[in-house]
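One structure below.
The values are calculated or read from the model by the stated rules, or taken from the named source; none is laboratory data. A quick note: this is a predicted structure, and the numbers were derived from the prediction, not measured. All Cβ positions, even for glycine, are placed from backbone atoms using ideal geometry, and neighbour counts span all protein chains on display. Each accessible area value is taken on the protein alone, full model and side chains, heavy atoms only, with ligands, DNA and RNA left out. Shrake-Rupley method; radii C 1.70, N 1.55, O 1.52, S 1.80 Å.
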Amino acid sequence: PKEIFLKDYRLPDYYFDTVDLRFSLGEEKTIVCAKISVVPRVDGVAAPLALDGVDLKLILVKINGVELKEEDYDVDARHLILKGPPSGSFTLETVTEISPQHNTSLEGLYKSSGNFCTQCEAEGFRKITYFQDRPDIMAKYTVRIEADKSLYPVLLSNGNLIDQGDLEGGRHFAVWEDPFKKPCYLFALVAGQLESRDDTFITCSGRKVVLRIWTPPQDLPKTLHAMYSLKAAMKWDEDVFGREYDLDLFNIVVVPDFNLGAMENKSLNIFNSKLILASPETASDADYAAILSCIGHEYFHNWTGNRVTCRDWFQLSLKEGLTIFRDQEFSSDLGSRTVKRIGDVSKLRIYQFSQDAGPMAHPVRPHSYIKMDNFYTVTVYQKGAEVVRMYKTLLGSEGFRKGTDLYFERHDGQAVTCEDFFAAMRDANNVDFANFLLWYSQAGSPIVKVTSSYNVKAHTFSLKFSQTVPPTPGQPTKEPMFIPVAMGLLDSSGKDMPLSSFYQDGKLVSITSGAQPVYTAVLRVTKAEEEFVFTDVAEKPIPSLLRGYSAPIHLHSDLTENDLFFLLAHDSDEFNRWEAGQILARKLMLSQVVNFQKDNKLVLDPQFVHGIKCILLDSSLDKEFIAQTITLPGEGEIMDMMEVADPDAVHAVQSFITKQLALELKQEFITLVKENTSSEKYEVDHVNMARRALKNTALGYLASLEDEEMSELVLNEYKSATNMTDQFSALAAIAQKPGKAREDVLADFYEKWQHDYLVVNKWFSLQSASDIPGNVENVKKLLNHPAFGLRNPNKVHSLIGGFCASPVNFHAKDGSGYKFLGDLVLQLDKLNPQVASRMVSAFSRWKRYDDTRQNLAKAQLEMIVCCNGLSENVFEIASKSLL
Ligand code: B3K
Ligand code: ZN
């Protein structure tokens, strides 16, 4: 397989101006006629024109209306090369035949539940027709779709519908025209039996936009929340970023078979059904929140991604990091900022830090790839969003907005790079961003150490920072990064002290601006070692560092346990209260892991119980924040901190602390469950979601006890639940322990919900991700369950992805989990390489485990890499994992 490098980027020799596509959709085959006006970049240079094409049957090719002879072109499995096109502009026409019915890769044009749909990003357009399949080729599209009218009454593509009508033989057609230039990865086509929920949105300039969400008829009632979310997103983007929608129609189509969450095709977003369909009975609060953020995300791409797009795929974070940042802010503004931030940071830590420390570590802007699909990663998305967030932290809201305004003004209609975004931020604010660009090119999560000291006589307080960036594949040595550290100082009563100024490099930097006292400063740490000495600090403070998690780093401070308990109780930065609790919990868990490994008795520090109890009882706090603060760090997070990851020890410790907390705080948890149970109508506002989150977290604790009364309480919650959030939480709580009660509720739940495939997926993942001993056998049985199928990515993620998320079972010491996954990856790869390569990633941290596990996992990876006919997708992940 061929590796592609950023450094090899070259401007295209030819641009495409207009693209005319005609689709004749059929049951056996589909015919695609493409007419493209081609313009050479430099006039008079008649270089060969290479078009990408995969799984296409070429019927004919014409230039300026004249059919080419075979000697004028070359075709192979990946290209059509026109050897000597005319110099100057010309018209290229091709006719190709494709077979969407047999396309199980769900990339290009394929069928899902009887309907036609497309997925082109990143490089799927080449499975539809011969094209320069790269994002810097931006053209205006007209699309004519022809199909059987009764089977495919609805025909959709990008832009505006400009013509439609009936044809002979029960067929009909529709013609769509998109007035905006776009790269081909934003092309979309849908044909099928769909109905729409319709609504309208009046934009800030008074234009009326028709909004339509298309689903199979029976699902239409479940699109209410999606429509609410879409309108909220449109309004928010006007208010916060000054971005108005630019067409009179916005369509969303829902499909059950989709490789990802959703796709931002111009004015025709296509969504995985799990990210649109919701009703209180079938979707949980987490689903509702995911729908809001995903609808926001895809909608926001209209400006960050579509109007301004990426020059090449290495720049993916230009649109994805920025758009994730935008959807995070959107959800924060509509819910609770702290709660959202905690959720996002946890995700970053669990998944991105782990990627950044393993064989697939890559910079936010990767230097190379074999298969671009493998780089739609938590690094490009989540770490990329953190990079955008740092601009905002450094510039403030107004400065950041000036930067985005300039970015849109400069680059509307262009395909650009991460430097262009950086330059807009810099130029709009006229600031020095030092070595900030390193965030795009250096992989690895920086490790920052801080020590502090107070000078009683001088009333100064010093913070000394030192940073290193660990080596990553291809990058053995690193430069120091530019790390914005938001921080404050607490006095002995727990209040923020006003900050006046500090010395950095012998220079006095004033913090105060105007008459308002400042309680949070942003320090610019740019060197390997750096000291900040604060002046006029009246008493020895406790520093609150990295407020709001102002940079994606590992921070190790010299704060004592007492300091951390103090911050947990008092910090005005709520994020850092949670953070202090997490640091304490991690320390506690690690200390008990050592005890477990030495066969010592496990103990729970009473001060920790006390700290948790104070949070539980603090009625001034947001309830979801309480739920997050009393939740222990994930087992993966603890394993990542160990020399040799030991899933059994970590699991035992996690269970022990959970149970012990439940025992000691049983009355408090019972009260929480009672006080937060409500018989009122289900509402998705933050207050009610937070209430349910707290109640269900408490319920989870109680269910861990060996206690008849508690088992009854939880079972009762299950039976009396009136919405999926409560019902599923109770089910999950009961399913923690093997036994008859578990079997009974699982059977009952399936019985109730077998008609709803999205709920059945929840049922699959609950079982597959379970920690009950020997679970691999259950999961194998579920593979043969009539509701399961390997062709649907959601089902695969639920059952197989779910299983890999259970450390004890996936990493079972007998290798049964590894073997299970190894066999399945090969089966999946034949159907859908993108899904298979996501699954094979579960092996990538194999070197973190003991020798026995290492050998077993390595054997599976070797078996996979050696397999004949392996996809490039799986090859890339598996082979890099072995390095
Ligand atoms: N841009 C798409 C992701 C496409 C992934 C292709 N393998 C969805 C999104 O990030 O909005
Ligand atoms: Zn995106």
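Proximity of backbone amide H atoms, modeled 1.01 Å from N, is registered between ILE370 and ILE4 at under 5 Å, excluding neighbours fewer than 5 places apart on the same chain.
Annotation: the stretch 499-580 has a Kirkwood hydrodynamic radius of 14.2 angstrom, from the mean reciprocal C-alpha pair distance. Under 5 Å between amide hydrogens, built in the peptide plane, is the criterion, and for HIS785 it picks out nothing among residues at least 5 positions away or on other chains.
Relative contact order, percent, of the chain when contacts are C-alpha pairs under 8 Å separated by at least 6 residues? Once normalised by length, the contact order is 8 percent.
Rounded to the nearest 500, the helix-only mean residue ellipticity at 222 nm of the chain stands at -12000 deg cm²/dmol, with each DSSP H run of n ≥ 4 adding -39,500 (n - 2.57).
Filter the trypsin sites (Lys or Arg not before Pro) in the stretch 457-502 down to the DSSP loop ones having no more than 14 other Cβ atoms within 10 Å, then list what survives. Let's see the in-between values first.
On the way: sites: LYS457, LYS464, LYS478, LYS495; in loops: LYS457, LYS478, LYS495.
Within the stretch 457-502, the qualifying trypsin sites (Lys or Arg not before Pro) (loop, at most 14 other Cβ atoms within 10 Å) are LYS457, LYS495.
If you filter the stretch 96-133 for chymotrypsin sites (Phe, Trp or Tyr not before Pro), then keep DSSP loop positions with at most 15 other Cβ within 10 Å, what is left? Please report the intermediate quantities before stating the final value.
On the way: sites: TYR110, PHE116, PHE125, TYR130, PHE131; in loops: TYR130.
Passing sites in the stretch 96-133 do not exist.
Compute the angle between helix 224-241 and the longest alpha-carbon principal axis of the chain, please, reported from 0 to 90 degrees and rounded to the nearest 10. Tilt of helix 224-241: around 80 degrees. The angle separating the long axis of helix 337-347 from the principal Cα axis of greatest extent in the chain is about 80 degrees. Rg and Dmax over the alpha-carbon atoms of the chain stand at 28.2, 94 Å. Round to a whole number: what % of the accessible area of the stretch 454-568 belongs to carbon and sulfur, probe 1.4 Å? Whole-percent figure for carbon plus sulfur exposure: 54. Sparsely packed loop sites in the stretch 197-252 (the trypsin sites (Lys or Arg not before Pro) outside DSSP H, G, I, E and B with at most 13 other Cβ atoms within 10 Å) comprise ARG207. Using a probe of 1.4 angstrom and keeping all protein chains present, the accessible surface of the stretch 604-758 works out to 46 square angstrom per residue.
To the nearest 20 debye, what is the magnitude of the charge dipole of the chain about its Cα centre, counting +1 on the Cβ of each Lys and Arg and -1 on the Cβ of each Asp and Glu? Numbers along the way, then the final one.
Working: 94 positive and 118 negative charges, 137 e Å.
The dipole magnitude comes to about 660 debye.
Normalised per residue, the accessible area of the stretch 795-883 is 37 Å², obtained with a 1.4 Å probe and no contribution from ligands, DNA or RNA.
Averaging Cα coordinates gives a centre for the stretch 416-488 and one for the stretch 253-315; these two points are 32 Å apart.
Per-residue extension of 0.36 nm, minus the Cα-Cα distance of GLU168 and SER493, leaves a gain of 108.7 nm for this segment.
Of the accessible area of the stretch 37-113, with the probe set at 1.4 angstrom, what percent is carbon plus sulfur?
On the way: 1870 of 3780 Å².
So the carbon and sulfur contribution to the accessible surface is 49 percent.
Using 0.36 nm per residue and subtracting the Cα-Cα separation, the extra length available between LEU602 and LEU663 on full extension is 20.5 nm.
Taking a ≥ b ≥ c as the square roots of the eigenvalues of the Cα gyration tensor of the stretch 166-272, is the shape rounded (a/c under 1.5), prolate (a/b larger than b/c) or oblate?
It is prolate, given that a/c is not under 1.5 and a/b is the larger ratio.
Phi angles across the stretch 5-19 convert, under the Karplus curve 6.51 cos²θ - 1.76 cosθ + 1.60 with θ = phi - 60°, into 3J(HN,Hα) values of 10, 4, 5, 8, 4, 10, 4, x, 6, 10, 9, 10, 9, 10, 10 Hz, Gly and Pro given as x. In terms of Cα atoms, the Rg and Dmax of the stretch 310-422 work out to 14.5, 40 Å. Debye-formula intensities of the stretch 730-845, expressed as log10 I(q)/I(0) at q = 0.11, 0.20 Å⁻¹, are -0.34, -1.09 (one equal scatterer per alpha-carbon, no solvent).
Report, to the nearest whole %, how much of the accessible area of the stretch 271-351 belongs to carbon and sulfur atoms, 1.4 Å probe, protein only. Walk me through the numbers before you get to the answer.
Details: 970 of 1760 Å².
Roughly 55 percent of what the probe reaches on the stretch 271-351 is carbon or sulfur.
Can you work out the base-10 log of I(q)/I(0) for the stretch 80-144 at q = 0.18, 0.20, 0.28 1/Å, using the Debye formula on its C-alpha atoms alone? Those come out to -0.81, -0.96, -1.39, one per q. Projecting the Cα positions of MET138, ALA443, CYS184 onto the charge dipole of the chain (unit charges on Cβ atoms of Lys, Arg, Asp and Glu, taken about the Cα centre) puts ALA443 furthest along the positive direction.
Roughly how many whole Å is it from the C-alpha centroid of the stretch 506-520 to that of the stretch 760-833? Distance between centres, Cα-based: 55 Å. Taken over the alpha carbons of the stretch 28-81 as equal point scatterers, the Debye sum produces base-10 log I(q)/I(0) values at 0.14, 0.15 Å⁻¹ of -0.45, -0.51.
Just by accessible area at a 1.4 angstrom probe, what is the order of CYS33, CYS866, CYS418 from largest to smallest?
Numbers: CYS33 45, CYS866 105, CYS418 0 Å².
Putting CYS33, CYS866, CYS418 in descending order of accessible area: CYS866, CYS33, CYS418.
Would you mind classifying the stretch 373-463 by shape? Square roots of the alpha carbon gyration tensor eigenvalues, ordered a ≥ b ≥ c; an a/c under 1.5 is rounded, otherwise it is prolate if a/b is larger than b/c and oblate if not. It comes out oblate by the Cα gyration axes. By how many degrees, between 0 and 90 and to the nearest 10, does the Cα long axis of helix 418-429 differ from the longest principal axis of the chain? Approximately 60 degrees, to the nearest ten.
With the whole protein complex present, TRP313 retains an accessible surface near 10 Å², based on a 1.4 Å probe. Highest-first packing order for the peptide set 724-734, 368-378 is 724-734, 368-378, based on the mean count of other beta carbon atoms within 10 Å.
Which order do you get for ILE542, ILE295 if you rank them by accessible area with a 1.4 Å probe, largest at the top? Don't skip to the end; give the middle numbers.
Numbers: ILE542 30, ILE295 0 Å².
Descending accessible area places them as ILE542, ILE295.
For the stretch 1-108, rounded, prolate or oblate, judged on the Cα gyration tensor with a ≥ b ≥ c (square roots of eigenvalues), a/c < 1.5 rounded, else prolate if a/b > b/c? Each step should come with its number before you reach the end.
Working: a/c = 1.91, a/b = 1.29, b/c = 1.48.
Oblate shape, in that a/c is at least 1.5 and b/c is the bigger or equal ratio.
Annotation: Cα Rg of the stretch 1-56 relative to the compact-globule expectation 2.2 N^0.38 Å equals 1.53. Per residue, the stretch 268-416 exposes 25 Å² of accessible surface when a 1.4 Å probe is rolled over the protein heavy atoms with every protein chain present.
Near MET641, no amide H atom lies under 5 Å from its own; only residues 5 or more places off or on other chains count, and H is placed 1.01 Å from N.
Accessible area of GLU624 (1.4 Å probe, protein heavy atoms only, ligands and nucleic acids ignored): about 50 Å². Largest accessible area first, the residues HIS797, HIS297 order themselves as HIS797, HIS297 under a 1.4 Å probe with ligands, DNA and RNA left out. Packing order of peptides 432-439, 508-515, highest average first: 432-439, 508-515 (average count of other Cβ atoms within 10 Å over each peptide's residues).
ASP287 sits with roughly 40 Å² accessible to a 1.4 Å probe, with DNA, RNA and ligands left out of the calculation.
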